[in-house]
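Okay, structure first, notes after.
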Amino acid sequence: MAHKPTVIGLTGPLASGKTALAAFICENFEATSINADDVVHDLQRPGTLVTARIAKTFGQNILNANQAVDRGALSTHLLQHPEQLAELNSIVHPAVRAEVNQRLMGITVPHVILDVPLLFSSTLQELCDKTMTTMCPPELCWERAQDRPNMSRAKFDMLNSKQLPDDELIAKADLVIDTTKPHEELLPILTDFLS
């Protein structure tokens, strides 16, 4: 019988420290992580079904010279046409879930951190045994986000508007992590949560 790891869904506002927390957990516990954004990047490479469907739906100008999805162009398009985000999600979300399921099948460590920005708004939550959310003050999130390529305040605000309000994230999560604290202070909390 195959080993089934405990899948821990990790979510939180944009630039609230999800990826750094996932890396810390993987370094200090028998865990690995699957980052949903990385899965999306993989699915939007040249020649994939997702890339073809996005190009058909949003136009060839959404592709870069290599025929991969140009995330900057797609982001700009969605800022101008926010009503089309649901259509994009209908293409991407089922493919991401299928790919995550595939990746979970090969994992042999006890814990998987499933890093999903919109966990509670997606069907990926159904794959999780436990959930946690990262939290930090919004202006600190904005400060962190400015280091990302093609990030503007408008894009930051648009992306965060798709996330549940902080009070709902806190209510839905099994554990809330304050990422303004040093990770070392979180070891006892995480040890208890992962046991």
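The values are calculated or read from the model by the stated rules, or taken from the named source; none is laboratory data. As the structure is a computational prediction, the values presented were derived from the model and not from experiment. Reconstructed Cβ throughout: ideal geometry from the backbone, glycine too, with neighbour counts over all protein chains shown.
Scanning segment 23-70 for residues that are more than 17 Å from residue 115 (Cβ to Cβ) and aliphatic (A, V, I, L, M) gives 49, 50, 52, 54, 55, 62, 63, 65, 68, 69.
Kindly evaluate residue 192 against the criterion of being at pLDDT 95 or above, under 18 Å from the mean Cα position of the chain (by Cα) and exposed (fewer than 14 other Cβ atoms within 10 Å of the Cβ). Lay out the reasoning, then the answer.
Values: at pLDDT 95 or above: yes; under 18 Å from the mean Cα position of the chain (by Cα): no; exposed (fewer than 14 other Cβ atoms within 10 Å of the Cβ): yes.
No.
From the list 77, 93, which one is free of Cβ contacts under 8 Å to residues at least 24 places away in the same chain and not small (Gly, Ala, Ser)? Of the residues listed, the single one that is free of Cβ contacts under 8 Å to residues at least 24 places away in the same chain and not small (Gly, Ala, Ser) is 77. Which one is surrounded by the fewest Cβ atoms within 10 Å (Cβ to Cβ) among residues in segment 152-178 that are within 29 Å of residue 83 (Cβ to Cβ) and of a type in the set (Asp, Glu)? Among those residues, the one meeting the criterion is 167. Only one entry in 120, 193 is under 17 Å from residue 32 (Cα atoms), out of contact with any Cys (no Cβ under 7 Å at 6 or more places or on another chain), touching a residue at least 12 places away in the same chain (Cβ under 8 Å) and among the aromatic types (Phe, Trp, Tyr), namely 193. Considering segment 179-189, and only residues there that are in a helix (DSSP H, G or I) and not charged (D, E, K, R), the residue that is surrounded by the most Cβ atoms within 10 Å (Cβ to Cβ) turns out to be 186.
Mind checking which residues of segment 132-144 are assigned to a helix (DSSP H, G or I) and either farther than 11 Å from residue 17 by Cβ or of a type in the set (Val, Ile, Thr) (or both)? If you could, list the steps in order and put the result at the bottom.
Taking segment 132-144 as the starting set, the residues that turn out to be assigned to a helix (DSSP H, G or I) are 138-144.
Passing the criteria: 138, 139, 142, 143.
Taking the condition among the β-branched types (Val, Ile, Thr), in a helix (DSSP H, G or I), modelled with pLDDT of 95 or more and under 19 Å from the mean Cα position of the chain (by Cα), does residue 91 pass? Yes; evaluated as a whole, the condition is true for this residue.
Determine which member of the set 11, 6, 51, 108 is crowded, with 17+ Cβ neighbours inside 10 Å, over 23 Å from residue 156 (Cβ atoms) and hydroxyl-bearing (Ser, Thr, Tyr). Please lay out each step first, then the result.
Details: 11 fails: over 23 Å from residue 156 (Cβ atoms); 6 fails: crowded, with 17+ Cβ neighbours inside 10 Å; 108 fails: crowded, with 17+ Cβ neighbours inside 10 Å.
51 is the lone residue from the list that is crowded, with 17+ Cβ neighbours inside 10 Å, over 23 Å from residue 156 (Cβ atoms) and hydroxyl-bearing (Ser, Thr, Tyr).
Please pick out the residue among 114, 124 that is assigned to a strand (DSSP E or B) and either modelled with pLDDT under 95 or more than 22 Å from residue 157 (Cα to Cα) (or both).
Numbers: 124 fails: assigned to a strand (DSSP E or B).
Going through 114, 124 in turn, the sole match is 114.
If you go through segment 16-40 and keep only what is under 15 Å from the mean Cα position of the chain (by Cα), part of a helix (DSSP H, G or I) and touching a residue at least 12 places away in the same chain (Cβ under 8 Å), you end up with 18, 19, 20, 21, 22, 36, 37, 39, 40.
Residues 185, 126: which one is more than 16 Å from the chain's Cα centre (by Cα) and free of Cβ contacts under 8 Å to residues at least 40 places away in the same chain? Give the steps one after another, and end with the answer.
Numbers: 126 fails: more than 16 Å from the chain's Cα centre (by Cα).
Answer to the check: 185.
Taken together, 154, 171 contain a single residue that is at pLDDT below 90, more than 14 Å from residue 20 (Cα to Cα), in a helix (DSSP H, G or I) and over 16 Å from the mean Cα position of the chain (by Cα), which is 154.
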